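Visitor: Could you have a look at this structure, given as structure tokens, before my questions?
The values are calculated or read from the model by the stated rules, or taken from the named source; none is laboratory data. Treat the numbers as computed from the prediction; the structure is a model and nothing was measured. In this analysis, Cβ positions are derived from the backbone assuming ideal geometry, glycine residues included, and neighbour counts consider all displayed protein chains.
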2 protein chains.
Amino acid sequence: MPQASRSNSKKERRQESETLILSAAEKVFAEAGFGGATMQLIADVAGLPKANLHYYFPTKEALYRQVVQNIFQIWLQAADTFDNADGPAEGIGAYIDAKMEISRRHPAGSKVWASEVMHRAPVIQDYLETTLMEWTEGRAAIIRRWIAEGRMAPVNPNHLLYMLWATTQHYADFGHQIETLNGGAPLSDGQWEEAKQSVKEIILRGIGVTS
Amino acid sequence: MPQASRSNSKKERRQESETLILSAAEKVFAEAGFGGATMQLIADVAGLPKANLHYYFPTKEALYRQVVQNIFQIWLQAADTFDNADGPAEGIGAYIDAKMEISRRHPAGSKVWASEVMHRAPVIQDYLETTLMEWTEGRAAIIRRWIAEGRMAPVNPNHLLYMLWATTQHYADFGHQIETLNGGAPLSDGQWEEAKQSVKEIILRGIGVTS
DNA sequence: ATTGATCCTGACCGTATGGTCAAGTTCAGG
DNA sequence: CCTGAACTTGACCATACGGTCAGGATCAAT
């Protein structure tokens, strides 16, 4: 009988190897960019021989594509906070919290995403045109409703969303700059909290919401 | 006698060649990243043989370094608007205008800068630690003074600056995403104006300044 | 017209990279 | 215990890359 209970079934080991490789790849792609990353370095970080990587992912591009898609999923997940909200203060506030948390927990992923978009999205252009487009229009509609209901100032929804993305992701993508300006030390727990509060405070007040 | 009046003196031609190469390099580095860019492609874009590039710039890294330094100069130039201002509305408003204009006019440069910082600033770390650090502290002091004078809300100056950088540079670095969400078309003149106004409106209101 | 310095470039070189492969190892299922 | 499929990996290959160089072209100064 198949040993479903054993911790290392064949399927599970495959899953583990893929996760290990994807995690190493995310780091290396974030630090070196797609062009600067090498399969050898990813293999070293993962602690596997290079040929093994090509067993699980046929090409460097396939591996990269998987990394980017994983990030995109996390990115979209933060959307829930927006939908289930009662109003702008709660919805946008929670969205900022969620995205700041992503910047803090997945800085490498954020950088890979930024790099991909900066280079004209060679592998996820279709996602931008479909999923992201729909997501954006949906949230813009919610914002417009809030405005119509007089619950926030009449601002352009798209530019508000861009500001939310820009500001929150900045803490991951430009984390090194922030760290340098912080005297070379990563932001402490308290400083992260302060960052989150600052962003929320300025933006919420900026759209006429008194939290 | 040296032909100082002739349009193509030796010095001028050297200058022209260097500018041509730097311009091509900026484009290619922005589109492919440092690792993905090739000297051959830069040469093709510049319309010169590859060996010629190595005559003016000994290595790929030296060329890249020059590109990054040029961007940094433009970046710092926008600071003037901050210093010569009477108060937060004028100072920060003008700074946003200036940085939005940079995003519009130098999108490639902005991307190169972003890429450099994202990759832990391998070639301009010293600039971050000296020039940028001083610049930031100087502007933070101005903001603190404005706050003390009761001319704006008491916000953390550093996080305000990060927000200004993030939001304005987003329009260059993530221009492709914005373009896609705009139906595939670059922002029109009017849309750029709207973007600028939106950013200024939300941030100025967000820091308690009624422009 | 001569000359020396600067500029230009095709051909070349060593290396590192993405990817392949064949021979071996492991292991679930019978 | 056998067997075949899934997995692992050291050795290898073709290519593309950054960089070099020798020889020629250009041109300001005399």
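Visitor: Which numbered condition in (1) on the phi > 0 side of the Ramachandran plot; (2) touching a residue at least 24 places away in the same chain (Cβ under 8 Å) is the only one that A:ALA121 fails?
Guide: (2)
Visitor: Filter region B:200-211 down to residues that are β-branched (Val, Ile, Thr) and more than 7 Å from every other protein chain (Cβ to nearest Cβ), then give me how many there are.
Guide: Here is the first cut: in region B:200-211, the ones β-branched (Val, Ile, Thr) are B:202-203, B:207, B:209-210.
Narrowing the set further to residues that are more than 7 Å from every other protein chain (Cβ to nearest Cβ) leaves B:209-210.
Number of matching residues: 2.
Visitor: While we're here: With the condition kept exactly as written, say whether any residue in region A:9-30 is crowded, with 16+ Cβ neighbours inside 10 Å, within 8 Å of DNA strand C (Cβ to nearest atom), more than 20 Å from B:SER115 (Cα to Cα) and in contact (Cβ under 8 Å) with a residue 12 or more places away in the chain.
Guide: Within region A:9-30, none of the residues are crowded, with 16+ Cβ neighbours inside 10 Å, within 8 Å of DNA strand C (Cβ to nearest atom), more than 20 Å from B:SER115 (Cα to Cα) and in contact (Cβ under 8 Å) with a residue 12 or more places away in the chain.
Visitor: Can you pull out every residue in region B:35-86 that is more than 14 Å from DNA strand C (Cβ to nearest atom) and basic (Lys, Arg)?
Guide: B:ARG65
Visitor: If you don't mind, there's one more thing I want to ask. Identify all residues within region B:137-166 that are more than 15 Å from A:GLN177 (Cβ to Cβ), at the interface with chain A (Cβ under 7 Å from one of its Cβ atoms) and not hydrophobic (A, V, I, L, M, F, W, C); write none if there are none.
Guide: Matches in region B:137-166: B:ASN156 only.
Visitor: Right, another one. Looking only at region A:1-8, decide whether some residue is modelled with pLDDT under 95, surrounded by fewer than 19 Cβ atoms within 10 Å (Cβ to Cβ) and more than 16 Å from DNA strand D (Cβ to nearest atom). I'd like the intermediate steps shown before the answer.
Guide: The initial filter retains those residues of region A:1-8 that are modelled with pLDDT under 95, namely A:1-8.
Adding the requirement that they be surrounded by fewer than 19 Cβ atoms within 10 Å (Cβ to Cβ) leaves A:1-8.
Restricting the remaining residues to those that are more than 16 Å from DNA strand D (Cβ to nearest atom) gives A:5.
Yes, region A:1-8 contains a residue that is modelled with pLDDT under 95, surrounded by fewer than 19 Cβ atoms within 10 Å (Cβ to Cβ) and more than 16 Å from DNA strand D (Cβ to nearest atom).
Visitor: Report, ordered by the first and then the second residue, all pairs with beta carbons closer than 9 Å, sequence separation of six or more or different chains, a first member in region B:192-211 that is at positive phi, and a second member that is part of a loop (DSSP other than H, G, I, E, B) and modelled with pLDDT of 95 or more.
Guide: Filtered contacts from region B:192-211: B:GLY208/B:ARG151; B:GLY208/B:MET152; B:GLY208/B:ALA153; B:GLY208/B:PRO154; B:GLY208/B:VAL155.
Visitor: Could I ask something else about it? Residues being buried (at least 21 other Cβ atoms within 10 Å of the Cβ) and more than 9 Å from every other protein chain (Cβ to nearest Cβ): count how many of those fall in region A:173-199.
Guide: Here the count works out to 1.
Visitor: Which residue is nearest to the chain's Cα centre (by Cα), if the candidates are limited to region A:24-40 and must be more than 10 Å from chain B (Cβ to nearest Cβ) and away from DNA strand D (no atom under 16 Å from the Cβ)? Quick ask: steps written out before the conclusion?
Guide: Restricting attention to region A:24-40, the residues satisfying the condition of being more than 10 Å from chain B (Cβ to nearest Cβ) are A:24-29, A:39-40.
Among the residues that remain, those that are also away from DNA strand D (no atom under 16 Å from the Cβ) are: A:26-29.
Values: A:GLU26: 12, A:LYS27: 14, A:VAL28: 16, A:PHE29: 14 Å.
Taking the candidates together, the pick is A:GLU26.
Visitor: Could you run through region A:73-106 and say how many residues are touching a Phe, Trp or Tyr at 6+ places or on another chain (Cβ under 8 Å) and buried (at least 18 other Cβ atoms within 10 Å of the Cβ)?
Guide: 13
Visitor: Still on this structure: If you take the residues in region A:86-123 that are among the small types (Gly, Ala, Ser) and within 24 Å of B:GLU26 (Cβ to Cβ), which one is nearest to the chain's Cα centre (by Cα)?
Guide: The residue in question is A:ALA114.
Visitor: Continuing with the same structure: Could you count how many residues in region B:147-179 are closer than 25 Å to B:TRP192 by Cα, part of a helix (DSSP H, G or I) and either in contact with a Phe, Trp or Tyr (Cβ under 7 Å, 6 or more places away or on another chain) or hydrophobic (A, V, I, L, M, F, W, C) (or both)?
Guide: 9
Visitor: While we're here: Mind checking which residues of region A:116-136 are at the interface with chain B (Cβ under 7 Å from one of its Cβ atoms) and either part of a loop (DSSP other than H, G, I, E, B) or more than 12 Å from B:LEU181 (Cβ to Cβ) (or both)?
Guide: Hits for region A:116-136 are A:MET118, A:HIS119, A:ARG120, A:ALA121.
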